[in-house]
Amino acid sequence: MPPLAAAGTPAAASTVHAANDPPLPATTWAGVSPLVAPTTGPWRSYKETVAQLAERIVEAQRPIRVLQALRWDDSVETGFLKGRPRENPKIDSTYYDKVDLGFDVRTKCDEFEAIARDIEHNLGASDPIAAIMLATALEYRDVVQMLAARGTPAFYASSRRLYGSPKDKFPDGRLSVRDLGQLLYGLLTKVDEWGGPGFGGSPAYPRTIDATEAARQLGERLAAFFGDAHVRVEADNGILADAAAGSDYVKVRTGAKFSDRDIDILEVHEGWVHVATSLNGQQQPVAKWLAKGPPRTAAVQEGLAALVEMFTFRTHPRRARRLNDRILAVDKAEDGADFLDVFEWFRTEGYDEQECFNNTRRIFRGGVVTGGAPFTKDACYCKGIVLNYAFIRSAIQHNRLDLIPMLFLGKVAHEDVPVLARRIADGVVKPPRFLPPMFRDLNGLAIWMAYSTFFSLLGSDAIADHYAKVFLL
């Protein structure tokens with residue numbers, strides 16, 4: 001049987017079936033799912049076959065813990081911050097060899113390739129649902145291969161293929177993610193917290209709430225949103241970020257301090273988006289793979305969470321700068337900046353030393369600390385904001401408002417959404433139960449995007465020049 005292509009490549013859906021395999025089953029006709037006739041035992045419906053294959057994907061990916069596999073020991077941070085003069089952390093492939101992945105790489109790759117062969121054999125390469133599942137299974141295989149290459153340039157090559165790069169172009173084929181980062185850098189560095197003369201100064205958001213109290217407050221809010229679906233919120237000393245969402249929980253870092261505004265953001269970012277899409281995916285009786293998020297869904301997930309912060313007016317300039325600065329940091333590391341270079345750049349941007357270390361570690365975890373080969377996932381956030389905004393606006397322009405709530409079916413990529421939406425009628429996909437308010441009632445978003453479409457037609461330079469003259473009056 002020929003080797004499987006990398007996930008996301010055109011060959012991924014065309015090279016799995018071998019000439020000596022049994023004929024593929026008939027594809028769907030007029031929207032009707034075929035029966036799948038196994039070689040032995042009773043016939044199985046299309047939905048049974050999809051559900052069984054999807055369950056295999058979910059189970060196979062279970063031991064893969066990307067961030068845990070890239071974690072640095074606390075002593076690395078302590079040693080770096082105390083060191084004089086400072087040196088790049090002693091992190092290389094030998095260091096990662098001591099961090100157990102929890103599975104055998106070759107065995108796990110073989111498992112995903114076997115699932116991919118069975119998807120194509122049982123459903124056919126031309127089946128749109130099969131294509132999504134095939135891409136998902138093969139991408140998990142590619143994640144395993146990426147983790148096997150920790151501390152080497154090959155890790156970066158896999159990371160760039162899976163998560164993208166600041167050099168990637170947007171669908172217009174003209175502007176890149178780096179262009180976005182540089183434009184926003186020029187704008188956001190001039191914007192401070194809202195306030196000024198005559199407005200009483202900037203509002204104060206002191207971080208005085210400890211993790212236990214933050215967990216309690218956030219838990220109360222999410223209980224109101226999710227109702228009878230229990231979502232745990234707890235303090236945890238095992239996470240690096242201030243907060244992290246899982247399948248049915250949110251953890252806040254023990255020792256961190258939070259403000260009221262931080263809790264506002266965690267409610268919508270971690271709760272309304274990350275946990276909601278996880279629970280919606282878990283409630284899929286057939287399309288079970290939607291409960292888990294391979295890299296192909298990262299831009300939609302992270303961008304949607306950040307966009308909901310904007311729609312609810314809970315984000316703020318410093319947070320926007322932090323997300324944008326990660327694009328520029330990844331870009332610098334790709335172009336050869338080492339750990340020390342990026343750390344010092346964050347210092348010039350006004351971050352304290354611990355923030356500088358944490359931000360820089362995000363960029364270099366798994367990669368090469370001497371530069372040229374970072375972990376590129378942090379480029380997903382701002383890219384995802386733009387792509388989700390464009391998806392929503394385009395859906396409204398083309399009278400496809402029905403597709404917008406489908407972003408919450410589970411962990412999806414944009415190209416999955418029309419395919420999945422068509423399969424709600426026959427029960428292959430179940431509509432999302434948990435939706436943020438603006439996605440339950442789309443009237444506000446529709447008006448917002450209608451005006452946005454007109455704004456994009458205005459001559460921006462001419463309008464800016466007009467108001468520049470007004471400001472001088």
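Since every read-out is calculated from the coordinates, none of them should be taken as a lab result. This is a predicted model, so every value here is computed, not measured. Every residue, glycine among them, receives a Cβ derived from its backbone with ideal geometry; neighbour counts consider all protein chains shown.
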(request) Apply the Debye scattering formula to the range 306-391, with a single equal point scatterer on each alpha-carbon and no solvent, then give log10 I(q)/I(0) at q = 0.23 Å⁻¹. (result) -1.05
(message) So the label point goes 7 Å from the Cα of Glu344 along Cα→C-beta, right? Which residues of the range 87-118 then have their backbone N under 15 Å from it?
(response) 87-89
(request) Determine the distance separating the Cα centre of the range 63-128 from the Cα centre of the range 258-287; give it in Å without decimals. (result) 25
(request) Would you mind working out the magnitude of the charge dipole of the range 282-384 relative to its Cα centre, with +1 at each Lys and Arg C-beta and -1 at each Asp and Glu C-beta, to the nearest 20 Debye? (result) 640
(request) Take each of the peptides 465-471, 128-134, average the number of other beta-carbon atoms within 10 Å over its residues, and list them starting from the highest. (result) 128-134, 465-471
(message) Which one, Thr40, Ile404, Thr376, is farthest towards the positive end of the dipole of the chain when Lys and Arg carry +1 and Asp and Glu -1 on their Cβ?
(response) Ile404
(request) Count charges around Tyr95 for me, please; just the other residues with Cβ under 12 Å from its Cβ, Lys/Arg as +1, Asp/Glu as -1. (result) +2
(request) Taking the Cα centre of the chain as origin, work out the dipole magnitude from +1 charges on Lys and Arg Cβ and -1 charges on Asp and Glu Cβ, in debye rounded to 20. (result) 260
(request) Compute the signed sum of charges (Lys and Arg +1, Asp and Glu -1) over the other residues within less than 9 Å, Cβ to Cβ, of Ser176. (result) +2
(message) Please compare each pair in Lys167/Lys377; Lys169/Lys332; Lys82/Lys251; Lys332/Lys383 to a cut-off of 19 Å on the Cα-Cα distance and tell me which ones are over it.
(response) Lys82/Lys251
(request) Pick out, from Val252, Gln283, Asn324, the residue whose Cα sits farthest towards the positive end of the charge dipole of the range 236-394, with +1 on the Cβ of Lys and Arg and -1 on the Cβ of Asp and Glu. (result) Gln283
(request) Along Cα→Cβ, 7 Å out, is where each label goes; now give me the distance between the ones at Gln354 and Tyr205 in nm to one decimal. (result) 1.9
(request) Just name one of Ile239, Leu188, Ile363: the one whose Cα is farthest towards the positive end of the charge dipole of the chain (beta-carbon charges, Lys/Arg +1, Asp/Glu -1). (result) Leu188
(request) Beta carbons within 10 angstrom, averaged per residue: use that to sort the peptides 447-460, 52-65, highest first. (result) 52-65, 447-460
(request) Output the DSSP H helices from the chain with an along-axis C-alpha extent of no less than 24 Å and a mean Kyte-Doolittle hydropathy no less than -0.5. (result) 128-148, 380-397
(message) What's the magnitude of the charge dipole for the range 83-149 around its Cα centre, counting Lys and Arg as +1 and Asp and Glu as -1 at the beta-carbon? Answer in Debye, nearest 20.
(response) 500
(message) For a bin width of 10 Å, list the pair-distance distribution of the range 200-274 built from all Cα-Cα distances, rounded to whole %.
(response) 21, 54, 20, 5, 0
(request) Out of all DSSP beta bridges with both ends in the chain, state the antiparallel percent to the nearest 5. (result) 65
(message) Taking every pair of distinct Cα atoms and averaging 1/r, then inverting, what Kirkwood hydrodynamic radius in Å comes out for the chain?
(response) 24.1
(request) List the relative contact order of the chain as a percent without decimals, with contacts defined as Cα pairs under 8 Å and 6+ residues apart. (result) 17
